[in-house]
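Beneath this line is the structure, given in structure tokens, with notes to follow.
The values are calculated or read from the model by the stated rules, or taken from the named source; none is laboratory data. A quick note: this is a predicted structure, and the numbers were derived from the prediction, not measured. A quick note on method: Cβ atoms are made from the backbone with ideal geometry, for glycine too, and the neighbour counts reach across all protein chains shown.
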Amino acid sequence: MRKSFDIPQRRSDVEKPPAPELRFFFSAHGQIQDYEGIQEALQDADVFVVEAHGWNEDDLRYLQEISDGTKVPRHIEEKREPQDVIEYEEDLLYKTGKRIEIVDVPEGHELDKEDDGTAGISEAARTFIARGDLESALAALDTAVKMNAEYIRKKDEYIEGQLDALLKKLSIEDPNAKVLVQIGSTHTGISHDLRREGIASRVRNSVKFDFKDELVRSYRFKKSPERDLLIKVLIEEVLRTSFQDQLRKVPYIQRVDFFRKHLANITEEQIQNLGYKTESKFFDRVIMRYENYTPELKRQILTESWQVVFGAAIDESIAKLVNQQHDR
């Protein structure tokens with residue numbers, strides 16, 4: 001008689017135990033409009049993971065109370081619409097009963113104290129206006145962007161570890177839970193491995209990147225960017241730092257479209273000429289006349305120099321962009 005053997009089941013035939021469903025919602029988080037699509041995604045979630053760099057237990061408790069309905073957001077008490085992204089998030093969560101979790105870098109952690117390079121990026125742009133030295137500005141910018149990319153890599157690794165711990169915890173407590181992670185679009189690297197393994201998916205909302213984020217992502221994923229991209233990042237930062245009060249009123253996606261339209265065809269020669277003009281005006285106004293280098297003077301120097309080099313009124317273009325948001 002032939003001996004019979006138990007035939008092992010193929011892995012695909014074995015029924016997998018229930019596991020939490022993980023979805024990512026990537027977006028900017030400067031304006032309420034940046035969150036377009038999150039309301040629909042949140043409706044289907046049981047657990048909402050919030051991005052909150054430097055958070056503490058009081059922050060988590062507050063958001064959970066908002067979700068449970070035991071805490072009323074101020075704007076609701078005052079019977080008005082949300083005025084910023086913090087109030088909008090509270091509005092989304094109020095009385096939903098969602099479980100709130102935070103996997104971001106907490107207050108006091110070494111990554112909460114570490115220089116992320118963003119100040120160096122802004123400083124490179126400010127120095128370019130005053131000195132007009134393109135090569136020095138590009139070198140300083142490149143160093144700062146690489147620092148920022150490395151910081152994001154380390155932060156992504158931290159968040160991945162915290163997410164893994166959360167999923168293991170939910171697998172025991174609530175294995176059928178649907179988890180929505182809201183996080184900035186510069187952190188898409190977090191989901192790459194999880195999506196390849198079939199553990200996670202992403203909400204198909206609109207995600208775009210400005211030149212700076214494109215450069216950061218290039219270094220984050222070990223790619224070698226072209227010099228032209230570095231130049232575009234520099235001039236993008238020159239505009240951003242000079243008109244920051246105006247541009248912060250514009251949703252990220254609209255800012256991206258604006259920068260890519262106005263900077264698409266600029267040349268290195270034009271940017272070098274711009275530097276010569278701003279440096280000359282800075283020397284005349286600040287060094288020779290002892291004028292205070294206020295944000296208003298900085299914008300004036302840039303606007304006048306831009307008009308000479310590009311034959312366009314960049315201040316009027318930005319004002320038009322801002323006004324378009326008010327008309328929506």
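Screening Lys155 against (1) buried (at least 16 other Cβ atoms within 10 Å of the Cβ); (2) over 19 Å from the mean Cα position of the chain (by Cα); (3) within 20 Å of Asp116 (Cα to Cα) leaves a single unmet condition, (2). A single member of Ile121, Ile129 is in contact with a Ser or Thr (Cβ under 6 Å, 6 or more places away or on another chain) and modelled with pLDDT of 95 or more, and it is Ile129.
Out of the residues in region 15-49 that are in a loop (DSSP other than H, G, I, E, B), of a type in the set (A, V, I, L, M, F, W, C) and modelled with pLDDT under 95, state the one that is farthest from Thr186 (Cα to Cα).
If we take residues in region 15-49 being in a loop (DSSP other than H, G, I, E, B), of a type in the set (A, V, I, L, M, F, W, C) and modelled with pLDDT under 95, then Ala19 is farthest from Thr186 (Cα to Cα).
Is it fair to say Ile121 is in contact (Cβ under 8 Å) with a residue 40 or more places away in the chain, part of a helix (DSSP H, G or I) and crowded, with 16+ Cβ neighbours inside 10 Å? It is true that Ile121 is in contact (Cβ under 8 Å) with a residue 40 or more places away in the chain, part of a helix (DSSP H, G or I) and crowded, with 16+ Cβ neighbours inside 10 Å.
Arg285 - would you say it is surrounded by 12 or more Cβ atoms within 10 Å (Cβ to Cβ), of a type outside the set (Ser, Thr, Tyr) and under 29 Å from the mean Cα position of the chain (by Cα)? In short, no. Among residues of region 298-313 that are touching a residue at least 12 places away in the same chain (Cβ under 8 Å) and surrounded by 14 or more Cβ atoms within 10 Å (Cβ to Cβ), those with a Cβ under 8 angstrom from a residue that is in a helix (DSSP H, G or I) and among the acidic types (Asp, Glu), sequence gap 6+ or separate chain, pair up as Arg299/Asp315; Thr303/Asp315.
Listed by position, the helices (runs of 4 or more DSSP H) inside region 224-328 whose residues that are of a type in the set (D, E, K, R) and more than 29 Å from Gln31 (Cα to Cα) number at least 1 are 227-242, 268-282, 295-310. Looking at the structure I just gave you, is Glu157 out of contact with any strand residue (DSSP E or B) (no Cβ under 8 Å at 6 or more places or on another chain) and either among the small types (Gly, Ala, Ser) or part of a helix (DSSP H, G or I) (or both)? Taking the combined requirement at face value, the residue satisfies it.
The listed residues are Asp284, Asp245, and the only one of them that is at pLDDT below 95 and among the acidic types (Asp, Glu) turns out to be Asp245. Within the set Lys320, Lys277, the sole residue that is loosely packed, with under 13 Cβ neighbours inside 10 Å and either in contact with a Cys (Cβ under 7 Å, 6 or more places away or on another chain) or basic (Lys, Arg) (or both) turns out to be Lys320.
No other residue among Asp104, Asp142 is closer than 29 Å to Gln33 by Cβ, touching a residue at least 40 places away in the same chain (Cβ under 8 Å) and either out of contact with any Leu (no Cβ under 7 Å at 6 or more places or on another chain) or of a type in the set (Asp, Glu) (or both) apart from Asp104.
Exactly one residue out of Leu263, Leu229 is surrounded by fewer than 20 Cβ atoms within 10 Å (Cβ to Cβ), in contact with a Lys or Arg (Cβ under 7 Å, 6 or more places away or on another chain) and under 21 Å from Leu141 (Cα atoms), and it is Leu263. Report yes if some residue within region 200-221 is at pLDDT below 90 and within 22 Å of Thr118 (Cα to Cα); otherwise report no. Within region 200-221, one or more residues are at pLDDT below 90 and within 22 Å of Thr118 (Cα to Cα).
Here Gly198 meets each of (1) in contact (Cβ under 8 Å) with a residue 12 or more places away in the chain; (2) small (Gly, Ala, Ser); (3) assigned to a loop (DSSP other than H, G, I, E, B) with one exception, condition (1).
Residues considered: Lys232, Lys261, Lys249. Of these, the only one that is without any contact (Cβ under 8 Å) to a residue 24 or more places away in the chain and either within 26 Å of the chain's Cα centre (by Cα) or within 15 Å of Phe211 (Cβ to Cβ) (or both) is Lys261. The residues in region 72-104 that are surrounded by fewer than 16 Cβ atoms within 10 Å (Cβ to Cβ), of a type in the set (Lys, Arg) and not in a helix (DSSP H, G or I) can be counted, and the count is 3.
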